[in-house]
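*Asks:* Here's a structure for you.
Read-outs: derived from the displayed coordinates by stated rules, not from any lab. For clarity, every value in this text was computed on a predicted model and none was experimentally measured. Heads up, the Cβs are rebuilt from the backbone with ideal geometry, glycines too, and the neighbour counts pull from every protein chain shown.
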Amino acid sequence: MSATTWHRLGTMDELLARVPFAIKIERHRIAVFFHDGRFTAISDICNHKGGPLSEGRVRGEFVMCPWHGWEYSVLTGKGPAGYDEEQVPVFALEERADGVYVQLPPVMPRKLVKHKPSHLLDEHAKPAGAPPRVLLLSTTAMDEGNPRFSTSDALLEHALARAKELKVDTQLIKLRQLNFKHCEGNYSKASHACTWPCAITERDPEDELTPVYEGLVHWADVVLISTPIRWGNASSLYYKMVERLNCVQNQVTIHNKVLIMNKVAAFIITGGQDNIQAVAGGMFTFWSELGFVFPPFPFIAHSRGWDAEDMQNNVRQVKASDALREASRELVERAVDFWKILDRDKAMMGMMEKPMERAGRKANPLVMPEEVEV
Ligand code: FES
């Protein structure tokens, strides 16, 4: 047991002018609050992912972590009723004639509860010799009760039919059938506030993006993503998903942990008018930053050009087009063939893991915040 020491924080007036605030003494980061007429001190480091509690919102006795909303009593360091097995360290304070003093080490230690909610991601390990796995992701939006013909979905269906003929395992996910939340932008609070699994997935068993995370990270070898063009961009559902995938890319940023490796992505892009190159370019940038690689000629696309407003003809054209049907089938073949090359040479790819780790991303190393002390 280490000897206790007392450290002066300042006069009462000085502290009153600053609370809540954080101070680092030796290896302890301490959050100081003023509650019910007296100063209190708990660890500044949240049990969840290390968020700064001194920057949280205080309601009554509890402070809410600014990163993902976990709460702690500023008196006892414990969570609210039902979560009170969690506890951050509590420090003793003394108000003396010459100021307020804090005692080290804490009088109550940190208590971390291991959380493993059942809805978190499954690994989907692949048995040796199992066939390639192809995930097809449809991102077009429509009313399922009143469906319309979708050109991007139609080409994806052609690819799916060909994938089945190739005797690969397939999974088709239509984003419009999943009830999932928008990204809450934790990354813009702090790089480490965007976590894997996503904080929404961790917190909310009702959020339905889990199959997409599992599919991309744990299940698929090949991913085909289809999108319509809406006003020159990919679909709004596509971007809703992409924002939630920041947590996959962010693992490279904050932990040098590459979740996507030796996986192939390819795209189907259709629009009544144009901007195909720009949409494809944006998609390549994002999926390459996740860690995906691309086969030769990694996308197929269709549009009728800027002055084609007769969309009924566009639908007819796509329905009748043998060329687009063939192109969709060839796209999935190319993607699977390319993955087979990667898989065959994965020992060599393994040797390349190190140079791939920081990817095309920002070469500057991040200063790591302090870890949660246990
Ligand atoms: S709630 Fe504090 S770091 Fe997540």
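*Asks:* Excluding E144 itself, what net charge comes from residues whose Cβ is under 15 Å from its Cβ, given Lys and Arg +1 and Asp and Glu -1?
*Replies:* Around E144, the charge tally is 0.
*Asks:* In whole Å, what are the Cα extents of the chain along the three principal axes, biggest one first?
*Replies:* On the principal axes, the chain reaches 88, 48, 37 Å in Cα extent.
*Asks:* By the scheme Lys and Arg +1, Asp and Glu -1, what is the net charge of all other residues having a beta-carbon under 12 Å from that of T11? Write down the numbers at each step before the final one.
*Replies:* On the way: positive: R8, R18, R96; negative: D13, E14, E95, D98.
That sum, taken over residues with Cβ under 12 Å, equals -1.
*Asks:* Moving on to the next point. Give me S152, S54 ranked fewest to most by other Cβ atoms within 10 Å of their Cβ, as a rough exposure proxy.
*Replies:* Least crowded to most crowded, the residues run S54, S152.
*Asks:* Starting from a Cα-only point model with no solvent, please compute log10 I(q)/I(0) by Debye for region 152-242 at q = 0.16, 0.18, 0.23 1/Å.
*Replies:* -0.80, -0.96, -1.27
*Asks:* Something else now. How big is the charge dipole of the chain about its Cα centre, in debye rounded to the nearest 20, if each Lys and Arg gets +1 on its Cβ and each Asp and Glu gets -1 on its Cβ?
*Replies:* The calculated dipole for the chain is roughly 600 debye.
*Asks:* Mind telling me which of R96, R325, R316 comes out most flexible in a GNM of the chain, alpha-carbon contacts under 10 Å?
*Replies:* For the chain, modelled as a Gaussian network with Cα springs under 10 Å, the answer is R96.
*Asks:* So how much slack lies between R344 and R27, counting 0.36 nm per residue of separation and subtracting their Cα-Cα distance, in nm?
*Replies:* Result for the pair: 109.3 nm of gain on full extension.
*Asks:* Using only Cα atoms, tell me the angle between helix 246-255 and the longest principal axis of the chain; keep it within 0 to 90° and round to the nearest 10.
*Replies:* 50
*Asks:* Let me ask another. Which whole-number percentage describes the relative contact order of the chain, with Cα contacts under 8 Å and a sequence gap of 6 or more? The partial results should precede the final answer.
*Replies:* Values: 664 pairs, mean separation 52.7, N = 374.
Computed value for the chain: 14 percent relative contact order.
*Asks:* Search the structure for amide H atoms under 5 Å from the amide H of T270, placed 1.01 Å from N in the peptide plane, and list their residues when 5 or more places away or on another chain.
*Replies:* Excluding prolines and chain starts, which carry no amide H, the hits are T227, I229, H302.
*Asks:* Hey, another quick one. Go through region 319-335 residue by residue and turn each phi into a ³J(HN,Hα) via Karplus (6.51, -1.76, 1.60, θ = phi - 60°); whole Hz please, and just put x for glycine and proline.
*Replies:* 4, 8, 7, 5, 5, 5, 4, 5, 4, 5, 5, 5, 4, 5, 4, 4, 5
*Asks:* Here is a follow-up. Dipole magnitude of region 133-356 about its Cα centre, charges +1 at Lys/Arg Cβ and -1 at Asp/Glu Cβ only, in debye to the nearest 20?
*Replies:* So the dipole magnitude of region 133-356 works out to roughly 300 debye.
*Asks:* With a cut-off of at most 12 other beta carbons within 10 Å, and DSSP calling the residue loop, which GluC sites (Glu not before Pro) in region 10-57 qualify? Please list them.
*Replies:* Taking region 10-57 and a limit of 12 other Cβ atoms within 10 Å, the loop GluC sites (Glu not before Pro) found are E26.
*Asks:* Using the count of nearby Cβ atoms within 10 Å as a rough guide to exposure, how do Y72, Y187 rank from fewest to most?
*Replies:* Sorted ascending by nearby Cβ count, the order is Y187, Y72.
*Asks:* Restrict the search to region 175-237; then list the trypsin sites (Lys or Arg not before Pro) that DSSP places in a loop and that have at most 16 other Cβ atoms within 10 Å of their Cβ. Provide the component values of the computation, followed by the final result.
*Replies:* Details: sites: R176, K181, K189, R203, R230; in loops: K181, K189.
Within region 175-237, the qualifying trypsin sites (Lys or Arg not before Pro) (loop, at most 16 other Cβ atoms within 10 Å) are K181, K189.
*Asks:* Could I ask something else about it? Can you say what percent of the DSSP beta bridges in region 133-356, counting only those with both residues inside, are antiparallel? Round to 5.
*Replies:* Antiparallel: roughly 5 percent of the beta bridges in region 133-356.
*Asks:* At most 16 other Cβ atoms within 10 Å and a DSSP loop assignment: could you name the GluC sites (Glu not before Pro) in region 282-327 that fit? Don't jump to the answer; show the numbers that get you there.
*Replies:* Values: sites: E289, E309, E326; in loops: E309.
The qualifying sites are E309.
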